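Engineer: For reference, the structure I am asking about is given below.
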Amino acid sequence: MEIGLLGPLLVSFEGRQVQLTAAKQRTLLALLVLHAGQLVLTDSIVDELWGEAPCLSAAATVRTYIFQIRKVIGRLLNGSRSDPQEILRAAPGGYVLKTPGTVSDADRYEKSVAAGREALASGDYAAAGLRFEKALGLWRGSALMDVRTGSRLQAAAQRLEDSRLIVLEHRVDADLRLGRHRELLGELAGLCVDHPLHEGLHAQYMLALHRSDRRSDALAVYRRLRTAMIERLGLEPAARVQSLQQEILRTAVPADVPELTALLHAQSRTIGELTSRIAEIESRLGMELPRTRLASVPARQESGDRHAR
């Protein structure tokens with residue numbers, strides 16, 4: 001059985017899906033899935049479902065919800081040997097959702113993230129990027145987006161959303177280390193619009209622009225971030241973002257683009273050769289050629305060659 005939490009709540013088995021329509025049953029199932037394999041106390045369930053004002057029959061109502069969730073699981077697993085009461089067990093003081101045979105997309109997400117971090121730490125940026133991309137691909141929307149959340153689920157959803165953004169930063173970092181700065185520009189532009197106060201994403205966008213030889217655009221991104229932070233938070237960007245801005249100001253050409261340096265050297269040699277050739281032609285003609293436009297030099301040089309012959 002698979003349960004989806006990274007978006008709308010989904011419950012499926014071998015391609016078949018069922019829907020829990022009652023709001024509190026959906027909340028209860030999400031709480032059990034997030035604590036799969038652990039005892040969830042009835043008091044915690046009551047607090048999540050009713051907050052500080054539970055009804056007098058709250059504990060009995062929870063038992064009814066557990067019974068109804070088991071019925072849904074039973075219909076879904078119809079024909080298999082799994083027993084719904086073994087999957088969702090009553091235990092002293094509460095209930096346990098047994099993990100064997102039950103998988104959530106949140107569990108798969110956490111495992112992919114852990115593998116990505118391990119690859120990133122070892123310097124295998126290509127593998128890290130793939131693992132992080134796989135983890136991010138499991139998301140179908142906001143965490144628990146159609147579940148009514150109490151304090152526990154709200155905290156869990158926020159933790160997942162924060163993790164999602166961090167993993168996105170890690171994936172972008174892996175791509176930047178692989179030299180994919182130009183490919184990231186469009187994605188980072190959209191992310192900075194969606195997260196106008198996120199310093200990490202803005203710093204990555206600045207770096208990608210700088211490495212793409214778009215220094216003025218990189219500095220404009222910093223100015224927008226700084227303006228937004230001062231207006232909304234009364235804060236300056238973090239020291240590391242300011243240091244990046246200063247580095248961009250100091251460096252006209254990114255240090256990690258040796259091909260651009262080679263191109264400049266080649267152009268310098270070409271200009272030097274042209275200058276030498278023009279001087280030779282002037283000596284043979286006994287006159288100085290006009291130097292109004294660089295583009296006109298080749299044509300005049302060809303004319304001078306014919307006169308010289």
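The values are calculated or read from the model by the stated rules, or taken from the named source; none is laboratory data. Everything quoted here is computed from the prediction, not taken from an experiment. Because the Cβ atoms are built from the backbone with ideal geometry, glycine has one as well, and the counts that use them run over all protein chains shown.
Okay, residues lined up against (1) farther than 25 Å from His35 by Cβ; (2) surrounded by 16 or more Cβ atoms within 10 Å (Cβ to Cβ); (3) touching a helix residue (DSSP H, G or I) at 6+ places or on another chain (Cβ under 9 Å):
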position: Ala106; (1), (2), (3): no, yes, yes
position: Ala127; (1), (2), (3): yes, yes, yes
position: Asp146; (1), (2), (3): no, no, yes
position: Ser151; (1), (2), (3): no, no, yes
position: Ser163; (1), (2), (3): no, yes, yes
position: Val167; (1), (2), (3): no, yes, yes
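Engineer: Also, quick follow-up: Consider the range 1-43. How many of its residues are of a type in the set (Gly, Ala, Ser), within 26 Å of the chain's Cα centre (by Cα) and within 29 Å of Ala53 (Cβ to Cβ)?
Structural biologist: As a first pass, look at the range 1-43 and keep what is of a type in the set (Gly, Ala, Ser): 4, 7, 12, 15, 22-23, 30, 36-37.
Add one more test, that the residue is within 26 Å of the chain's Cα centre (by Cα), and what stays is 4, 7, 30.
Those left that are additionally within 29 Å of Ala53 (Cβ to Cβ): 30.
The number of residues fulfilling the criteria is 1.
Engineer: List the helices (runs of 4 or more DSSP H) inside the range 8-87, counting only whole elements, that have at least 2 residues being of a type in the set (Asp, Glu).
Structural biologist: Values: elements: 23-34, 42-50, 58-76, 84-87.
Those helices (runs of 4 or more DSSP H) span 42-50.
Engineer: May I ask you to list pairs of residues, at least six apart or on different chains, whose Cβ atoms are under 7 Å apart, with the first in the range 185-197 being in the same structural domain as Ile230 (by TED's automatic domain parsing) and free of Cβ contacts under 8 Å to residues at least 40 places away in the same chain and the second being charged (D, E, K, R) and in a helix (DSSP H, G or I)?
Structural biologist: Leu197/Arg232
Conditions tested, residue by residue: (1) among the polar types (S, T, N, Q); (2) closer than 19 Å to Leu20 by Cα; (3) in contact with a Cys (Cβ under 7 Å, 6 or more places away or on another chain); (4) not assigned by TED's automatic domain parsing to the domain that holds Ser12.
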{"position": "Leu41", "(1), (2), (3), (4)": "no, no, no, no"}
{"position": "Pro54", "(1), (2), (3), (4)": "no, no, no, no"}
{"position": "Ser57", "(1), (2), (3), (4)": "yes, no, no, no"}
{"position": "Leu76", "(1), (2), (3), (4)": "no, yes, no, no"}
{"position": "Ser82", "(1), (2), (3), (4)": "yes, no, no, no"}
{"position": "Glu86", "(1), (2), (3), (4)": "no, no, no, no"}
{"position": "Tyr95", "(1), (2), (3), (4)": "no, yes, no, no"}
{"position": "Tyr109", "(1), (2), (3), (4)": "no, no, no, yes"}
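Engineer: Of all residues in the range 19-51 being among the β-branched types (Val, Ile, Thr) and surrounded by 15 or more Cβ atoms within 10 Å (Cβ to Cβ), which is modelled with the lowest pLDDT? Don't jump to the end; show me each part of the working.
Structural biologist: Keep residues of the range 19-51 that are among the β-branched types (Val, Ile, Thr), which gives 21, 27, 33, 40, 42, 45-46.
Restricting the remaining residues to those that are surrounded by 15 or more Cβ atoms within 10 Å (Cβ to Cβ) gives 27, 33, 40, 42, 45-46.
Values: Thr27: 96, Val33: 92, Val40: 96, Thr42: 96, Ile45: 96, Val46: 96.
Here the residue is Val33.
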